[in-house]
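Below is one structure, written out as structure tokens; comments come after it.
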């Protein structure tokens, strides 16, 4: 047996220890089996670091956290919204993002959705030539003033190698996303025909990519941009450079690494034109804004022994951690064990699995780790869980999604910012 290298009950940051104690003190776990806890001060600091260092327009990828209260925090922090579906577009609009700060990326946008987005005035990145034809037919009926106000780009796939996580690598030669740079002549012709094409979009991936992988791909696309902008018939037509994707999140420790400052410094060396006013730089970070700011805390409902290991059964598993369960060991999660009073537990470690609540054998959040003895009514805290937990939540077994609380580190208070799902909510979904 090879033990999981993430073994051990993580000695986590102080705010997390304070938050769980406050949640217990406030009786939150008497009403809820499991919850999400956010430190919004940490999110605000990360958003500020990105905005201060990258300038331009920084957006958050709504796909990672389409929670109304959290999107409103993003607006306050000066971020725009990157949306990958019409549903995400509408919720971003309702949350209050300015249309000019909404970036609509999706490989499948219907004509009705495009008509809505074009009339709203959001930035649209075009995924393929057939989508471009649809847009051309729509805007042909626009007034001259409306036409000139449009701001669209083409998603160019630089067709490079994959990162460490193949399933998240969107810039490979056969990717379903964007128009391959192999079609360079047709791409240039599209800009010649359509003066509403004022930008370019690139996205090769985020998690599993080094900063150097992302920047090298950007240089490849920038060379195409410069070629287009140097032509007489498209002189300086491209004014924004949309860097999709984000930074890999460090799931191995409490450290935030790499940082937005490191990313900006690297990009300034390779692509200074993104910072000297020649282009508006647009980014679309998601996981790197939110993952480290949130944890999931579940009560331990039952424990048992089976074969050579201990098993603790909790309320968070495949219902929330779909990638962890289905792509183990690529998406390991660090955990901390607390006793029923919120005291950190360590020592006397045994080989332990932490099982989720779903009715299939692979629903195991933690496999073969050395962990301290876990008892019924203890708590399991799963770290780096502030992104994608609700947006990819599974309806399987009709498990109810948890409530979300924010923890104020200044005055040691907890506030409910999103109610948990109810049985009635779930039944209504399937009715």
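Every number in this text was worked out from the coordinates using simple rules, so none of it is lab data. Keep in mind that this is a model prediction, so the values were computed, not measured. Cβ coordinates were reconstructed from backbone atoms using ideal geometry, including for glycine residues, and neighbour counts include every protein chain displayed.
List of remarks:
- Length added when fully stretched, residue 268-residue 327, from 0.36 nm per residue minus Cα-Cα: 17.7 nm
- The relative contact order of the chain, computed from alpha carbon pairs under 8 Å that lie at least 6 residues apart in sequence, is 21 percent.
- Residue-span extension gain [residue 415 to residue 69] - 0.36 nm each, minus C-alpha spacing: 123.4 nm
- Nearest 10 degrees, 0 to 90: helix 184-193 Cα axis against the chain principal axis: 60 degrees
- Packing rank of 367-376, 351-360, where each peptide gets the mean count of other beta carbons within 10 Å, highest leading: 351-360, 367-376
- Measuring nothing but how far apart in sequence close Cα pairs (under 8 Å, 6+ apart) lie, relative to its length, segment 41-290 scores a relative contact order of 20 percent.
- Listed peptides 408-416, 23-31 by packing density, highest first (mean Cβ within 10 Å): 23-31, 408-416
- Packing-based order for 66-79, 380-393, 229-242, using average beta carbon neighbours within 10 Å, highest first: 380-393, 66-79, 229-242
- Cα gyration tensor, segment 221-346 - rounded (a/c under 1.5), prolate or oblate: prolate
- Once the Cα-Cα distance is subtracted from the 0.36 nm per residue extended length, the residue 304 to residue 21 segment shows a gain of 99.3 nm.
- Bridge orientation summary for the chain: considering DSSP beta bridges with both residues in this region, about 45 percent are antiparallel.
- Shape call, segment 28-92: gyration tensor on alpha carbons, a/c limit 1.5: oblate
- Using just its DSSP H runs of length 4 or more, each adding -39500 (n - 2.57), the chain gives a mean residue ellipticity at 222 nm of -9000 deg cm²/dmol after division by all residues.
- Helix 211-230 axis, angle to the chain major axis (alpha carbon atoms, nearest 10°): 20 degrees
- Cα centroids of segment 9-66 and segment 70-96: 18 Å apart.
- Between 0 and 90°, nearest 10: helix 129-139 axis offset from the chain longest Cα axis: 70 degrees
- Spin-label pair residue 348/residue 120, simplified geometry with 7 Å Cα→Cβ offset, distance in nm: 5.6 nm
- With a simple spin-label model that places each label point 7 Å from the Cα along the Cα-to-Cβ direction, the separation between residue 227 and residue 98 comes to 3.5 nm.
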